[in-house]
Amino acid sequence: MKRLAVLGSTGSIGRSTLDVVARHPARYGVFALTANRDVIGMLEQCRRFHPERAVMADAAAADALRIQVREAGLAIKVDAGPEAVAEVAAADGVDLVMAAIVGAAGLLPALAAVRAGKRLLLANKEALVVSGPLLLEEARRSGARILPIDSEHNAIFQCMPDIAEGHLEEKGVRRILLTASGGPFRTTPIEGLATVTPEQACAHPNWSMGRKISVDSATMMNKGLEVIEACRLFHARPDQVEVVLHPQSIIHSLVEYIDGSTLAQLGNPDMRTPIAHALAWPERVVSGVAGLDLFQVGRLDFEKPDPARFPCLGLAFEAVRVDGTAPAILNAANEVAVAAFLDRRLPFMSISRVIAATMERIAAEAIEGVDQLLAIDAEARRVAEGIIRDAHSP
Ligand code: NAD
Ligand code: MG
């Protein structure tokens with residue numbers, strides 16, 4: 001039996017992971033669950049999965065959970081704080097770590113899991129965007145395997161299983177085609193984007209996801225982060241990754257080989273497929289997702305993304321071309337801008353402006369280590385907050 005730590009278990013990916021795990025009780029056990037503040041969601045998961053450990057990043061939430069766990073008569077050790085999250089990710093009792101915390105907050109626990117040689121199922125793309133070279137270097141050192149959960153990268157992995165080392169050319173690959181739905185505003189007149197609300201931005205046509213990644217999908221920063229993720233995971237140059245709009249979200253990405261072959265992975269848009277793939281790899285297990293009905297799908301469409309509509313995509317390409325700490329600056333500014341938009345403190349079209357202005361104000365450097373990256377993340381957040389405040393002060 002494989003024992004799991006699910007980081008961010010109360011979120012969209014966390015819940016989908018536990019849905020797959022529950023289908024295979026003889027194969028997977030839950031050692032630890034972690035979340036930020038959702039005490040009710042965590043208590044329900046504790047009753048159902050009986051982990052040995054439960055961690056809340058928020059201390060008050062951990063106190064509340066501890067009382068409820070005791071009242072429910074459950075023998076579960078409850079801890080608090082980010083250090084405890086990282087500690088359970090590296091604990092002896094764990095074989096597989098699902099990294100499904102949203103944002104750069106997931107960086108240290110992902111790093112701890114990799115250093116401890118765990119198999120890391122990586123949904124938390126921001127961790128890879130901020131510290132990709134470090135994570136991969138630590139994985140090489142410890143022998144940890146990183147398996148992509150993001151549907152596109154999982155698709156690429158399925159079309160190009162030999163990801164660990166070597167550049168694309170050495171594998172006979174010409175380029176990676178990263179598909180994108182285009183989000184809820186693919187065809188909205190650009191003038192109409194000035195007034196979109198968080199509710200409209202979070203109503204994704206094909207995928208049900210957390211709020212932050214839903215906004216990222218609407219701006220296409222999600223695809224931008226995924227371009228950086230693809231460059232890191234598959235040792236690709238930015239000019240070897242092309243973004244293709246594919247509104248049906250049936251093809252999850254493609255790999256083009258030098259002999260003219262193009263391989264794609266297809267499936268219904270449901271994250272339980274990539275989750276089950278990475279959980280069982282190199283075997284296969286039932287995920288709960290129905291097979292594809294091609295007659296019902298009927299047709300598959302493809303378009304080029306419009307740079308004027310989706311400026312965030314261009315900013316992400318720029319960041320990965322500059323390299324070093326530029327992706328970390330981009331990511332931090334985006335996290336701050338998206339949070340401000342969700343708080344109704346920033347108009348939708350200003351998200352990209354805040355990111356561009358933050359990138360202009362902070363010079364990128366070569367990556368030196370995790371402390372430097374955390375300091376740059378904090379600085380970029382301060383700068384982005386300042387830009388948002390200045391734009392709204394009378
Ligand atoms: P979500 O908001 O639904 O869930 C986030 C989880 O992280 C929750 O359990 C929350 O309690 C926890 N969390 C939040 N802040 C935290 C903090 N500071 N410290 C510790 N825990 C914290 O998000 P999601 O949609 O499940 O996405 C999770 C990650 O997976 C993101 O990086 C996202 O980009 C990636 N991803 C998601 C999907 C999807 O379909 N939802 C697809 C691909 C990739
Ligand atoms: Mg994705």
Review point. Taking one equal scatterer on every alpha-carbon of region 157-323, how large is log10 of I(q)/I(0) by Debye at q = 0.20 1/Å?
Key: -1.50
Point to revise | Net charge, ALA290 excluded, C-beta distance under 11 Å - Lys, Arg +1, Asp, Glu -1 | key: -1
Practice item. Mark the label point 7 Å from the Cα of GLU169 along Cα→Cβ and return the residues of region 227-243 whose backbone N is within less than 12 Å of it. Key: 237
Practice item. At most 15 other Cβ atoms within 10 Å plus a DSSP loop assignment makes a site exposed; report the longest stretch of the chain without any exposed GluC sites (Glu not before Pro). Key: 1-164
**Study point:** Percentage relative contact order, region 2-148, counting C-alpha pairs under 8 Å, at least six apart
**Key:** 22
Check your understanding: If you line up the Cα atoms of the chain on their principal axes, what length do they span on each, largest first, in Å?
Key -> 58, 57, 44
Review point. Which whole-Hz couplings ³J(HN,Hα) result when phi for each residue of region 348-361 is put into the Karplus expression 6.51 cos²θ - 1.76 cosθ + 1.60, θ = phi - 60°, listed in order with x for Gly and Pro?
Key: 3, 6, 7, 4, 5, 5, 4, 5, 4, 5, 5, 5, 6, 7
Study note, to complete from the structure: Amide H contacts under 5 Å for VAL55, restricted to residues at least 5 apart in sequence or on another chain and with H modeled in the peptide plane, are LEU33, THR34, ALA35, ASP79
Revision key, fill the gap. Between the residues THR195, LEU177, LEU135, the Cα farthest towards the positive end of the dipole of region 104-207, that dipole coming from +1 and -1 charges on the beta-carbon of Lys, Arg, Asp and Glu, is from LEU135
**Study point:** Taking region 157-323 and dividing mean pair separation by its residue count, relative contact order in percent (alpha carbons under 8 Å, at least six apart)
**Key:** 30
Point to revise | Inter-label distance for ALA363 and ALA59, nm, one decimal - labels placed 7 Å from Cα along Cα-to-Cβ | key: 3.9
Check your understanding: SER142: net charge of surrounding residues, Cβ under 13 Å, Lys/Arg +1, Asp/Glu -1, itself excluded?
Key -> +4
Check your understanding: Going by average Cβ neighbours within 10 Å, how do the peptides 155-162, 210-217, 128-135 rank, with the highest at the top?
Key -> 128-135, 210-217, 155-162
Review point. From the phi of every residue in region 298-314, what ³J(HN,Hα) in whole Hz does the Karplus formula 6.51 cos²θ - 1.76 cosθ + 1.60 yield, where θ is phi - 60° and glycine or proline is x?
Key: x, 8, 10, 10, 9, 9, 7, x, 8, x, 6, 6, 10, x, 4, 4, x
Revision key, fill the gap. Label model pair GLU303, ASP95: point-to-point distance (7 angstrom along the Cα→beta-carbon line) in nm is 4.6
Review point. In this model, which of LYS77/LYS118; LYS2/LYS171; LYS125/LYS304; LYS212/LYS304 are farther than 26 Å apart at the alpha-carbon?
Key: LYS2/LYS171
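Give me TYR257, TYR28 ranked fewest to most by other Cβ atoms within 10 Å of their Cβ, as a rough exposure proxy.
Details: TYR257 16, TYR28 22.
Placing the least packed residue first, the sequence is TYR257, TYR28.
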Review point. In percent, what relative contact order does region 252-394 have, based on Cα pairs under 8 Å that are 6 or more apart in sequence?
Key: 18
Review point. Which cross-chain or sequence-distant (5 or more) residues have an amide H under 5 Å from the amide H of GLY29, H modelled 1.01 Å from N in plane?
Key: LYS2, ARG3, LEU4
Review point. Cα convex hull of region 2-148: mean projected area in nm², to one decimal?
Key: 7.7
Check your understanding: Given only helices, namely DSSP H runs of n ≥ 4 each adding -39500 (n - 2.57), what is the per-residue ellipticity at 222 nm of the chain, to the nearest 500 deg cm²/dmol?
Key -> -14500 deg cm²/dmol
Practice item. Starting from the alpha-carbon convex hull of region 75-177, give the projected area averaged over all orientations, in nm². Key: 7.4
Exercise for review: Set the Förster distance to 35 Å, then compute FRET efficiency between LEU266 and GLU191 from the Cβ-Cβ distance, nearest 0.05.
Suggested key: 0.50
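Each value in this text was obtained by applying a stated rule to the coordinates, not by laboratory testing. Everything numeric in this text was worked out from a predicted model, so none of it was measured. Please note: Cβ atoms are built from the backbone with ideal geometry, for glycine as well, and neighbour counts cover all protein chains shown.
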